[in-house]
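Student: I am attaching a structure below and will ask some questions about it afterwards.
The values are calculated or read from the model by the stated rules, or taken from the named source; none is laboratory data. Please read these numbers as outputs of a predicted model, since none were measured by experiment. So basically every Cβ, Gly included, is an ideal-geometry build from the backbone, and we count neighbours across all protein chains shown. For accessibility, only protein heavy atoms count, side chains too; no ligands or nucleic acids. Shrake-Rupley method; radii C 1.70, N 1.55, O 1.52, S 1.80 Å.
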Amino acid sequence: MKIVTIVGARPQFIKAAMVSRAIDKHNNANSSKIEELIIHTGQHYDENMSRIFFSDLRIPQPSWQLQCGNGSHGEMTGKMLIEIEKILLKAMPDQVLVYGDTNSTLAGTLAASKLHIPVIHIEAGLRSFNKMMPEETNRILTDHIASFLFCPTSKARENLSREGITENVFQVGDVMYDAALLFGEKAEKKSTILSSLGIKSGSFKLCTFHREENTNHIEHVTGIIKALLTIGTVNSPVILPLHPRTHTYLKAYNLLQAVQEHPGIHLIDPVGYPDMVMLEKHASLILTDSGGIQKEAYFHQTPCITLREETEWEETVLAGWNQLAGTDTERIISCYNNSKIGSYIDEYGSGNAADKIISYL
Ligand code: UD1
Ligand code: UDP
């Protein structure tokens, strides 16, 4: 079986790392082989947003490297669609594999479906019920086109069922949990991020934010930054690995300098996955608008505050690990004062979601 995998953005590299490993494992144990070829759309392209993941996580090199980053949603998705179609026409795979909710995912899905190539969607069924998020459109369209849908949680499966999608839907657990288990241990041995930042386990907070609905509104960014300026102290700073989009907007809103000069905030470049895992494991608290990081907070047993009004990972809120704070300064600080650990969540599988996906395929 020949599969073309389409990735382009940071979280997809991490998910693909786990599935590529499962494909390798399958090929070593079976005579019927899966050939996987990777298209990297170039949506993320900085060294520490892209290449670092391929080397750290030993992801097979892409067979095709496109340069479709930047631009508006339509421009980016359109460019990808044109280029991916050309590749698929030559490669003619049996299936196309996409992850999550990015523009790369939608472009890959559209290109494949027009050529009648079945689409496999990993991380199917997630919904925020907020169509202002570009990701919500991407995931709904992808789910309605895909031929095989792998859901990480029961809620995701229910979401699909409510939309009439019930065939070839498999609840397999979360490949991000597979990654957290595998790299959680490795990171402890390999990562030196705590000592290089001069921080100790339990005496710092970790924050990331990059969502368009936050960065593109000055009042949302200001609300978050004001909260961080209050929460971060010299003895327990906020570590802020800055997504390039966030960097651009902090500068544009004249907030960058205040953040850089505050002794309770350590602004750093985005880090590789093992370093991120170390930060997540040893932080006393995580503040984020990231989808993946909300769950990783739970995987590593760190309380989380989500800088959004809704989440696709409702079970983390119900279990008490995660609080929805939006971007209002007072609300974030109040959640900070109330942050606590929660209870066990029986949803993400047992660390073998990628193996299960390959065995179903
Ligand atoms: C994208 C995904 C989002 C995902 C996120 C993961 C969509 C619609 N959004 O959002 O679902 O959560 O990736 O991080 O697909 N930039 C750089 N260098 C890079 C990458 C981006 O400078 O390596 C800058 C560019 O100015 C770019 C901007 O960041 O225009 C936004 O990048 P983009 O990929 O469009 O959106 P993300 O916010 O990263
Ligand atoms: N991540 C990372 N380095 C960073 C920030 C994030 O390795 O500096 C990882 C993080 O651990 C998670 C994934 O990237 O696995 C999440 O990516 P992001 O927050 O960009 O996207 P989302 O999950 O919101 O789609």
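Student: Can you tell me how many residues in region 107-125 are out of contact with any Ser or Thr (no Cβ under 6 Å at 6 or more places or on another chain), over 22 Å from Ile358 (Cβ atoms) and within 16 Å of ligand 1 (Cβ to nearest atom)? Please lay out each step first, then the result.
Tutor: Step one: filter region 107-125 for residues out of contact with any Ser or Thr (no Cβ under 6 Å at 6 or more places or on another chain), giving 108, 110-117, 120, 122-125.
Then drop every residue that is not over 22 Å from Ile358 (Cβ atoms), which leaves 110-111, 113-116.
Keeping just the survivors that are within 16 Å of ligand 1 (Cβ to nearest atom) gives 110-111.
Final tally of qualifying residues: 2.
Residues are listed down the side, and each one gets a yes or a no for (1) at pLDDT 95 or above; (2) under 24 Å from the mean Cα position of the chain (by Cα):
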| position | (1), (2) |
| --- | --- |
| Lys190 | no, yes |
| Leu194 | yes, yes |
| His210 | yes, yes |
| Asn216 | yes, yes |
| Ser236 | yes, no |
| Pro241 | yes, yes |
| His247 | yes, yes |
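Student: So, in region 140-161, how many residues would count as being in a helix (DSSP H, G or I) and open to solvent by less than 10 Å² (accessible area, probe 1.4 Å)? Quick ask: steps written out before the conclusion?
Tutor: Initially, region 140-161 is screened for residues in a helix (DSSP H, G or I), giving 140-145, 154-161.
Among the residues that remain, those that are also open to solvent by less than 10 Å² (accessible area, probe 1.4 Å) are: 142-143, 156, 159-160.
Adding up the residues that qualify gives 5.
Student: Considering region 174-193 alone, what residues qualify as being over 18 Å from Ile293 (Cβ atoms) and either open to solvent by less than 70 Å² (accessible area, probe 1.4 Å) or among the acidic types (Asp, Glu) (or both)? Lay out the reasoning, then the answer.
Tutor: Taking region 174-193 first, the residues over 18 Å from Ile293 (Cβ atoms) are 185-186, 188-190, 192.
Glu185, Glu188 - these are the residues of region 174-193 that are over 18 Å from Ile293 (Cβ atoms) and either open to solvent by less than 70 Å² (accessible area, probe 1.4 Å) or among the acidic types (Asp, Glu) (or both).
Student: Can you name every residue in region 266-310 that is among the charged types (D, E, K, R) and not in a helix (DSSP H, G or I)? Break it down into steps so the answer makes sense when it comes.
Tutor: Residues of region 266-310 among the charged types (D, E, K, R): 269, 275, 280-281, 289, 295-296, 308-310.
Once the filter is applied, which keeps residues that are among the charged types (D, E, K, R) and not in a helix (DSSP H, G or I), region 266-310 yields Asp269, Asp289, Arg308, Glu309, Glu310.
Student: Right, next: Could you tell me whether Ile333 is away from ligand 2 (no atom under 11 Å from the Cβ), open to solvent by less than 20 Å² (accessible area, probe 1.4 Å) and modelled with pLDDT of 95 or more?
Tutor: On the way: away from ligand 2 (no atom under 11 Å from the Cβ): yes; open to solvent by less than 20 Å² (accessible area, probe 1.4 Å): no; modelled with pLDDT of 95 or more: yes.
Considered against the rule, which asks whether it is away from ligand 2 (no atom under 11 Å from the Cβ), open to solvent by less than 20 Å² (accessible area, probe 1.4 Å) and modelled with pLDDT of 95 or more, Ile333 comes out as no.
Student: Still on this structure, I have one more. Is it the case that region 235-249 has a residue that's among the β-branched types (Val, Ile, Thr) and within 16 Å of ligand 1 (Cβ to nearest atom)? It would help to see each step written out before you state the result.
Tutor: Within region 235-249, the subset among the β-branched types (Val, Ile, Thr) is 238-239, 246, 248.
Still in the list and also within 16 Å of ligand 1 (Cβ to nearest atom): 246, 248.
Yes, region 235-249 has at least one match.
Student: Another one. With region 2-118 as the region, which strands (runs of 3 or more DSSP E) entirely inside it contain at least 2 residues that are within 16 Å of ligand 2 (Cβ to nearest atom)? Outline the logic, then answer.
Tutor: Numbers: elements: 2-7, 35-40, 95-99.
Where strands (runs of 3 or more DSSP E) fall fully within region 2-118 and carry at least 2 residues being within 16 Å of ligand 2 (Cβ to nearest atom), they are 2-7, 95-99.
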